[in-house]
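K.L.:
The structure's right below; bear with me while I get my questions together.
The values are calculated or read from the model by the stated rules, or taken from the named source; none is laboratory data. Since the structure is predicted, the reported quantities are computational estimates derived from the model, not experimental observations. Note that each Cβ is placed from the backbone with ideal geometry, even for glycine, and that neighbours are counted across all protein chains shown.
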Amino acid sequence: MPHKTFVEVRSASTGTHPPDGIHRQVSALARATSGDTTLMPGRSVSPPSRGGVPCLSLPRVLALVGGLGLIAAFFMPWFSAQNLLLSGQFLHQFLANPGDLRRFLPGSSGSAAEAQMLRALVDLFPVCGAVATLAALVGGLTPWRSPANLVLGLAGVVPLVGWAGGITRLPPGANAEVGLWLIATSSVAVLAGLVLDVALTRRATAAA
């Protein structure tokens, strides 16, 4: 049944037409009460969606893959020494006992403080991977894009700097394995995804 306002009914009964200004105001009120929100324009803060389900942009997916790669690298071989393949998970357990540190690092002091520092460096990579993964999702699926971008940038820079410093401290005769190269590649992927996402967002804003 068509929605008629009081003014429209009264006009029909009297055969007169209300002024245009009153007619527009009444029509706006009728639309508002009937659930039509087309009169309330404004830029939506919701992320793009398909079929009502939020989705990530391709740069965000790249950053997300980089974060997951940092987590996966923890369980992969980092370097080979004395015919052994040592993963990040093994180093985490091995560095819990400082007495064994001198076997792999002859120039090391073997102190508990140095062992704990190296262990923290080992654990830094999967932690940054988890933070990068969460920041990529939060920045792509929620309105909190700016703080998430800041966290995502830190989660990409910190492991890259740690990798650059740690790869120079490998034991004598050790060879870098796939885990270390995956750390570097994943860190670059996180930063590249962030840079591309920010650049595309600024271009879309300027075009609008």
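K.L.:
Does GLY129 meet the test of being under 17 Å from LEU68 (Cα atoms) and at pLDDT 95 or above?
P.N.:
When the stated conditions are applied, GLY129 passes them.
K.L.:
I've got another one for you. From the list VAL161, VAL178, VAL157, which residue is of a type outside the set (Ser, Thr, Tyr), under 18 Å from ARG60 (Cα atoms) and in the same structural domain as PHE74 (by TED's automatic domain parsing)?
P.N.:
VAL157
K.L.:
Kindly evaluate SER46 against the criterion of being among the polar types (S, T, N, Q), outside any strand (DSSP E or B), at pLDDT below 90 and buried (at least 16 other Cβ atoms within 10 Å of the Cβ).
P.N.:
No, not satisfied.
K.L.:
Same structure, new question: Of all residues being among the aliphatic types (A, V, I, L, M) and not in a helix (DSSP H, G or I) in the stretch 157-208, which is modelled with the highest pLDDT? Just the residue, please.
P.N.:
Quick first cut of the stretch 157-208, residues among the aliphatic types (A, V, I, L, M) only: 157-158, 160-161, 164, 167, 170, 174, 176, 178, 180, 182-184, 188-192, 194-196, 198-200, 204, 206-208.
If we keep only those that are not in a helix (DSSP H, G or I) as well, we get 170, 174, 176, 208.
Details: LEU170: 82, ALA174: 85, ALA176: 91, ALA208: 74.
Within the stretch 157-208, the match that is modelled with the highest pLDDT is ALA176.
K.L.:
Filter the stretch 171-208 for residues that are among the small types (Gly, Ala, Ser) and either crowded, with 20+ Cβ neighbours inside 10 Å or in contact with a strand residue (DSSP E or B) (Cβ under 7 Å, 6 or more places away or on another chain) (or both) and give the result.
P.N.:
If the condition is that a residue be among the small types (Gly, Ala, Ser) and either crowded, with 20+ Cβ neighbours inside 10 Å or in contact with a strand residue (DSSP E or B) (Cβ under 7 Å, 6 or more places away or on another chain) (or both), then GLY173, ALA174, ALA176, GLY179, SER186, SER187, ALA189, GLY193 are the ones that fit.
K.L.:
For ALA81, only one of the following conditions fails: (1) out of contact with any Phe, Trp or Tyr (no Cβ under 9 Å at 6 or more places or on another chain); (2) modelled with pLDDT under 90. What is its number?
P.N.:
Condition not satisfied by ALA81: (1).
K.L.:
Of all the residues that make up the stretch 147-170, how many are in contact (Cβ under 8 Å) with a residue 60 or more places away in the chain and crowded, with 19+ Cβ neighbours inside 10 Å?
P.N.:
4
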